[in-house]
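> Below is one structure. I have some questions about it.
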Amino acid sequence: MRNRVLLVLTVFATLITTGCSSASTGPIPIAGEIEGPANVDAAPGATIRVVAREWRLTPVTITAGSGPRDIELLNQGTIEHELIILRTDTAFDQLVVGDNNRVDEEASIGEVAEIPAGERATETFELEPGNYVYFCNIAGHYAKGMRGSLVVN
Ligand SMILES: [Cu+2]
């Protein structure tokens, strides 16, 4: 009898532990406190975090040093989003949107592919000095405001 109680307690404790550990890697809360400042001067070597929501990306402007940089996309919206980085001297809100409601990605230097709401993903980008625009290129999202400016020194 005592062994059975112990077994039940062990199973219960395992379930609680498993539940907690999966929660920490699962969806993050959609809360305001993670969204940072509108303009970021990225510290050398630090991961650059971009928060996606409908219909904006935060920060709106990023300044960073050149070299390999990790860029994290954190989706705090309610639908799927992505992050495309395009090298261009065009202002971040003046890119041409095609008939498909998307921006031409030909000059893209890389992307963080679509991630579901509540998730995050990081990619490493080789940033050379220059002007870039980052945006979500799911149809309609750029025009609705999901875009920002990256200047690499
Ligand atoms: Cu989007």
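> Pick from Thr124, Thr90: which is in contact (Cβ under 8 Å) with a residue 40 or more places away in the chain, assigned to a loop (DSSP other than H, G, I, E, B), of a type in the set (S, T, N, Q) and open to solvent by 10 Å² or more (accessible area, probe 1.4 Å)?
Being in contact (Cβ under 8 Å) with a residue 40 or more places away in the chain, assigned to a loop (DSSP other than H, G, I, E, B), of a type in the set (S, T, N, Q) and open to solvent by 10 Å² or more (accessible area, probe 1.4 Å) holds for just one of Thr124, Thr90, which is Thr90.
> Based on what the data block shows, is Ile84 assigned to a strand (DSSP E or B), on the phi < 0 side of the Ramachandran plot, open to solvent by less than 30 Å² (accessible area, probe 1.4 Å) and modelled with pLDDT of 95 or more?
yes
> So, in region 127-140, of the ones that are within 11 Å of the ligand (Cβ to nearest atom) and open to solvent by less than 10 Å² (accessible area, probe 1.4 Å), which residue ends up farthest from the chain's Cα centre (by Cα)?
Of everything passing the filter in region 127-140, Asn137 is farthest from the chain's Cα centre (by Cα).
> Identify the single condition in (1) more than 16 Å from the ligand (Cβ to nearest atom); (2) within 23 Å of Ile115 (Cα to Cα) that Asn100 does not satisfy, given that it satisfies every other one.
Unmet for Asn100, out of (1) more than 16 Å from the ligand (Cβ to nearest atom); (2) within 23 Å of Ile115 (Cα to Cα): (1).
> How many residues, within region 142-153, are within 16 Å of the ligand (Cβ to nearest atom) and either free of Cβ contacts under 8 Å to residues at least 24 places away in the same chain or open to solvent by less than 10 Å² (accessible area, probe 1.4 Å) (or both)?
3
> The conditions are (1) under 21 Å from Ala143 (Cβ atoms); (2) open to solvent by less than 40 Å² (accessible area, probe 1.4 Å), and Gly65 fails exactly one of them. Which is it?
(1)
> Identify the residue in region 73-91 that is of a type outside the set (Val, Ile, Thr) and farther than 12 Å from Tyr134 by Cβ and, among all such residues, is farthest from the ligand (Cβ to nearest atom).
Asp89
> I've got another one for you. Can you find a residue in region 17-30 that is more than 16 Å from the ligand (Cβ to nearest atom), at pLDDT below 85 and surrounded by 14 or more Cβ atoms within 10 Å (Cβ to Cβ)?
Checked region 17-30: at least one residue is more than 16 Å from the ligand (Cβ to nearest atom), at pLDDT below 85 and surrounded by 14 or more Cβ atoms within 10 Å (Cβ to Cβ).
> Still on this structure, I have one more. Keeping to region 93-103, report how many residues are surrounded by 14 or more Cβ atoms within 10 Å (Cβ to Cβ) and either modelled with pLDDT under 95 or within 12 Å of Phe135 (Cβ to Cβ) (or both).
Counting residues in region 93-103 that are surrounded by 14 or more Cβ atoms within 10 Å (Cβ to Cβ) and either modelled with pLDDT under 95 or within 12 Å of Phe135 (Cβ to Cβ) (or both) gives 5.
The values are calculated or read from the model by the stated rules, or taken from the named source; none is laboratory data. It should be emphasised that the depicted structure is a prediction, and the values quoted were computed from it without experimental measurement. Cβ sites come from the backbone with ideal geometry, for glycine too, and all protein chains shown count toward neighbours. Keep in mind that these areas ignore ligands, DNA and RNA; they rest on the heavy atoms of the full protein, side chains included. Shrake-Rupley method; radii C 1.70, N 1.55, O 1.52, S 1.80 Å.
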